[in-house]
1. Which ones in the stretch C:194-221 are hydrophobic (A, V, I, L, M, F, W, C), at the interface with chain B (Cβ under 7 Å from one of its Cβ atoms) and buried (at least 24 other Cβ atoms within 10 Å of the Cβ)?
2. Any idea which of C:114, C:120 is under 26 Å from residue B:174 (Cβ atoms) and either touching a helix residue (DSSP H, G or I) at 6+ places or on another chain (Cβ under 7 Å) or aliphatic (A, V, I, L, M) (or both)?
3. Check the stretch B:167-184 and report whether any residue there is away from chain A (no Cβ under 12 Å) and more than 21 Å from residue A:155 (Cβ to Cβ).
4. Tell me, which residue of the stretch A:268-278 that is under 30 Å from residue B:257 (Cα atoms) and in a loop (DSSP other than H, G, I, E, B) is farthest from the chain's Cα centre (by Cα)?
5. Please indicate, with yes or no, whether at least one residue in the stretch B:202-216 is over 30 Å from residue C:237 (Cα atoms) and touching a Gly at 6+ places or on another chain (Cβ under 8 Å).
6. Do you know which of the residues in the stretch A:284-328 that are at pLDDT 95 or above and more than 13 Å from chain C (Cβ to nearest Cβ) is nearest to the chain's Cα centre (by Cα)?
7. Can you list the strands (runs of 3 or more DSSP E) found entirely within the stretch B:173-234 that contain at least 1 residues being farther than 19 Å from residue A:268 by Cβ?
8. I need the full set of residues from the stretch B:237-267 which are among the hydrophobic types (A, V, I, L, M, F, W, C), surrounded by fewer than 24 Cβ atoms within 10 Å (Cβ to Cβ) and outside any loop (DSSP other than H, G, I, E, B), in order please.
Amino acid sequence: MYRLDEIAERFGFELQGDPALVVAGLCGLSDDLPGHLSFVGAPKHAAAAQRSNIPAFVTRAELPIEGKVCLFHPHPEYAIALVGQLFERSKLTQVARIHASADIHPSAELAPDVVIGANVVIGQDTRIGPRTRIMPGSVVMDRVQIGADCLVYPNAVVREDSVLGDRVLVQPGAIIGGDGYGFVQYEGRHVKIPQLGRVVLEDDVEIGANTTVDRGRFTETRIGRGTKIDNLVMLAHNVRLGENCLICAQSGISGSTRLGDRVTFAGQVGVAGHIDICSDVTVLGKSSVTKGVRTPGVYAGIPFRPVERWRKAVARFYRDIDHERDKD
Amino acid sequence: MYRLDEIAERFGFELQGDPALVVAGLCGLSDDLPGHLSFVGAPKHAAAAQRSNIPAFVTRAELPIEGKVCLFHPHPEYAIALVGQLFERSKLTQVARIHASADIHPSAELAPDVVIGANVVIGQDTRIGPRTRIMPGSVVMDRVQIGADCLVYPNAVVREDSVLGDRVLVQPGAIIGGDGYGFVQYEGRHVKIPQLGRVVLEDDVEIGANTTVDRGRFTETRIGRGTKIDNLVMLAHNVRLGENCLICAQSGISGSTRLGDRVTFAGQVGVAGHIDICSDVTVLGKSSVTKGVRTPGVYAGIPFRPVERWRKAVARFYRDIDHERDKD
Amino acid sequence: MYRLDEIAERFGFELQGDPALVVAGLCGLSDDLPGHLSFVGAPKHAAAAQRSNIPAFVTRAELPIEGKVCLFHPHPEYAIALVGQLFERSKLTQVARIHASADIHPSAELAPDVVIGANVVIGQDTRIGPRTRIMPGSVVMDRVQIGADCLVYPNAVVREDSVLGDRVLVQPGAIIGGDGYGFVQYEGRHVKIPQLGRVVLEDDVEIGANTTVDRGRFTETRIGRGTKIDNLVMLAHNVRLGENCLICAQSGISGSTRLGDRVTFAGQVGVAGHIDICSDVTVLGKSSVTKGVRTPGVYAGIPFRPVERWRKAVARFYRDIDHERDKD
């Protein structure tokens, strides 16, 4: 529970209306909850905001919501993300600093203020930076380096030799550094190629729940700074992602493929191996990227094309057939 | 090992043939195992049943299998599901009522006859209902509410604030309440929007192995009573599923999408965010649902259409090409 | 660090050049690392190898790389897989033979030289063969049989009654033997059919990270000898895979489908239930296999066809549309 003037002061927002109003949490406009704070990002939502039961909004100074308490910020959605930090409740508070049941190798180095949960395993020569929290049931194997202010949720696995930068967030059940899928056919059998490399997650990377990032075959798999990976994504060995990419759920990137910066994949995208995708590419959901991409833009389809070409092809695919429906 | 007259008596089936016959387990018709009990649901399978090595069948009274011991029930597949409960063997029997290695916060409330396995972690202010079993290695975080007669298999994670009704079944490795995938772009970076909401799984929900259900952004993600989710499914933040839906493996539903009741998705379906799908919709495997659906029926395709229209479009897509094959 | 003459002697390679050269590890040709050993499989890569900074190569006797130390073997990629074993570093070395925190049922039988990590749970009547290693946090339930020389990575789950042969490799987070997805509709509800069967993984099977293999409904799900499964794959109940198959990431095979030997699926393939796919079939990525396959060959598409037919159909799908681009 926070008074709006507390919030305004803490984040430097200008306040208009009753400063003593108390809010219990945040909500979206469509949630329409009394006693909560919401936000308005675009003029088209102002009327709905005004009609709603929500008593207070973060909005832009040029878009005050009549009859509501307003907190002003030039980028309301960013502002609400900041305010949200106030309402994050403590997680698994029974975790002691270093839980008695954790199994920590004597050679491991834990920086000050590290939190290690119940049943966590920390391997030989592993180093964990200040204020990083490893939650219950997670296993961090040998020679791993984890930076400062990371948070590894329960039952994740970080296999040997992985490197995590600062402020890396690993959701529950994610697997960092599993073996790459590499075999050589020899006398009718698939002989495993030992996967000797590692995974590097640069600063501010987030890895979704039950996502898997395979270690490099001989060298490394690397995810660039600020890139966010959703749940159940597969990143194969030797993949390299640039900075500030967004890879949505259930997408998969085959081995040795490289992405530039600010590449966005919607859900269930599949990408072939050994190709390069340049910066500033967006691929729509369920597309199949079968070749390298040298031109920034939006792509879609199976196999993929620039989105306008995919849309034309789909229109022809359903032509007359869609028309029949209209006659129904 | 059960005598057929025991089975008949326990479930109220009428028996025809040798009541002293003993069966060691259940099998499908194609498994063709001597000493087992099977079932026949449709007249077309009666001849195969008669020829098989299987000595006994659950069947409808009007469809007796000649030469076999028969147990009669109007719905044989339902009847065999009941009988199957007899053959479920104890699971991880070494689990004590409350295993000594479990880490249970003193504020947690465990109802009578709760079973907590080895290395389970139970968070602060969490409440667990009667006869619920949490199997080894699972982590249930703070302020979680779990109802009666639930079963959480090993190495699952139930994150803070989740609510599970009665008789909820969570398969191994499932993640309930991971952060939703929500960022706001600000000065070229993706700033995380704190995911403050929760997950609600209503009564009789089943969650498959390694499936992920993300918590609501500000409010909740909710799965309606009796809905069954298969393995490796992704349900994003703020998704709402109605009652008695079936979501098959590797399907993904994007954020804030709502499904009605009795919606069925075959495997690998992808659904866009912020759309509504009405009750009694079926979507065939690998389809891409890009828009809301207001009319019950069967849909398929990428992008999806009513199934007959998709089939026509596919026929045209392969026309002449398929014909060439026929000339081969 | 190994001298090349040590490597040559250990694996019986012929050596040409400085026998005292020391290499620190392996690398791919494109990694171009000084002080490492690489390999050349095809004449087209010889020039790049010669120009590279890599000092030593495994290559065929008829393809020596000028100016480099060469180790000769008729199948260089196989040879490098062998050499790779030298460079595999110890994993989670703090694991004692049987870690004190492991919870092992007194009836379980552990063969000599078994390694059991921290917080591992081993169920009743489970048997584990010689030299098998179960890494931290994994749960092996009741009546499981695991053969010799297996390796189960952290936080995997092997549910009751599963059978693993020799040299089976289970990557982290994999779930073996979760319930199949089987329900019977009765009075408007989905009634669970108890999943009474088991999973059998034959010798030399590998299961990828966070992959799920469901137990048989009444009988078994079986993966044939030498078959390798990638990450996040779903194998439904009663599926049977033959020997030496390769199933790439995020593919899914529906219930009761059978594959022959040497079947290869690229990533994100979906396969319908209750169909048979013969030996020596390859399916390209993201395809949808909707019917049985009786003819060996390469298939692709949604829905799938022999690959040349799919390619023709795609060419027509984009015809003129792709042409327009060419005019740009």
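1. Listed by number, the list holds a single entry, C:218.
2. Going through C:114, C:120 in turn, the sole match is C:120.
3. yes
4. The extreme case among them is A:272.
5. Here is the first cut: in the stretch B:202-216, the ones over 30 Å from residue C:237 (Cα atoms) are B:216.
This time we only want the ones that are touching a Gly at 6+ places or on another chain (Cβ under 8 Å), so: B:216.
Yes, there is a match, as at least one residue in the stretch B:202-216 is over 30 Å from residue C:237 (Cα atoms) and touching a Gly at 6+ places or on another chain (Cβ under 8 Å).
6. The qualifying residue nearest to the chain's Cα centre (by Cα) is A:284.
7. In the stretch B:173-234, the matching strands (runs of 3 or more DSSP E) lie at B:175-178, B:183-186, B:189-192, B:198-201, B:220-223.
8. B:246
The values are calculated or read from the model by the stated rules, or taken from the named source; none is laboratory data. Just so we're clear, the structure is a prediction, and the values are computed from it rather than from any experiment. Heads up, the Cβs are rebuilt from the backbone with ideal geometry, glycines too, and the neighbour counts pull from every protein chain shown.
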